[in-house]
Structure formats: C-alpha cells, structure tokens
1. Along region 84-90, what does the Karplus equation 6.51 cos²θ - 1.76 cosθ + 1.60 (θ = phi - 60°) give for ³J(HN,Hα), rounded to whole Hz, x for Gly and Pro?
2. What is the local net charge at N15, summed over the other residues whose Cβ is closer than 11 Å to its Cβ (Lys, Arg +1; Asp, Glu -1)?
3. Can you list the residues, at least 5 places off or on another chain, whose amide H is less than 5 Å from the amide H of S71, using H built in the peptide plane?
4. Hey, what D do you get for region 1-63 in µm²/s if you plug the Kirkwood alpha-carbon radius into Stokes-Einstein at 25 °C and 0.890 mPa s?
5. Let me make sure I get this right: for region 56-101, a, b and c are the square roots of the gyration tensor eigenvalues over alpha carbons, sorted descending. Under 1.5 in a/c it's rounded, otherwise prolate if a/b > b/c, else oblate. Which is it?
6. Determine, for I23, I63, the number of other Cβ atoms within 10 Å of each Cβ, and report the residues in order from fewest to most.
7. Sorted from fewest to most neighbouring beta carbons within 10 Å, what does the list T3, T72 look like?
8. Would you mind counting up the charge near M98? Only other residues with Cβ under 14 Å from its Cβ, with Lys and Arg at +1 and Asp and Glu at -1.
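Values quoted throughout were computed directly from the atomic coordinates according to the rules given, and no laboratory measurement underlies them. Because the structure is a prediction, the values reported are computed rather than measured. Note that each Cβ is placed from the backbone with ideal geometry, even for glycine, and that neighbours are counted across all protein chains shown.
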Amino acid sequence: MTTTFPYAGKSFTLNLAESLQVINSYSEDGKTVYIEFLNGDLKGTKMDVPFKWKSLSDGNFLISWQEADKSTVVHCDNFEHKNSHAFYTMMDGSFFVMEGSIEPTKDF
C-alpha cells in the first residue's frame, strides 16, 4: 500500500467551470497542496494547505482540505481519466458542486 500520495510533486490545472480554473500542485512529500486561482473573483489568490487523501476504486482519489477561513473542499479526482468532481462549502453556508477536467501542468 502506498503511503505517499501517488501524484506528489505534480501540478494539475482543474477546469471546474467557465469561471473557475485553478492549479493544484502537490508537494513532494504529498502532504500539502498549493492552490492558485487563475480566473474569477479569486484570480491571483494563492494558498497552501495540508490535505488528506484516500485511494478509491478505478483510479479515483478522494482529496480533502480545510482552507484558512475554515471553508472545506472535497474532490473526487481521477488523474488518468482527467476528471474532477468537487464539493465546496463556504463559511456562510454556501455549497457548490462542480465537475470538470484535469490537465497535467508540470512537475512541481
């Protein structure tokens, strides 16, 4: 069983909606995700947060983290099939369900 995130040291562009494109870069040790918003209201925002992950069947990975403002994010990502399902809960109670594509960006 792998104890390090299999995509540690890799970066991916997630296209989750017309108005939401982000780069997620996973640290070499597989414990931190560096996030950069490329468009929308948060364009230019960068953050790094610890994340948890779990391998699921068929190449899917459940990935979750809590942002500094206590908003929560959960992804079900399949890097081989290049798709993402994301669930985002903001502190004001707003809840977003998004899906889209994943493209390799570069090695981190």
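1. 9, 10, 10, 10, 10, 10, 8
2. -2
3. Long-range HN contacts for S71: M91.
4. Once the numbers are plugged in, D ends up at 196 µm²/s.
5. Values: a/c = 3.21, a/b = 2.10, b/c = 1.53.
Prolate is the answer for region 56-101, as a/c is 1.5 or above and a/b outweighs b/c.
6. I23, I63
7. Neighbour counts put them in this order, fewest first: T3, T72.
8. Numbers: positive: none; negative: E18, D77, E99.
Here the charged neighbours net out to -3.
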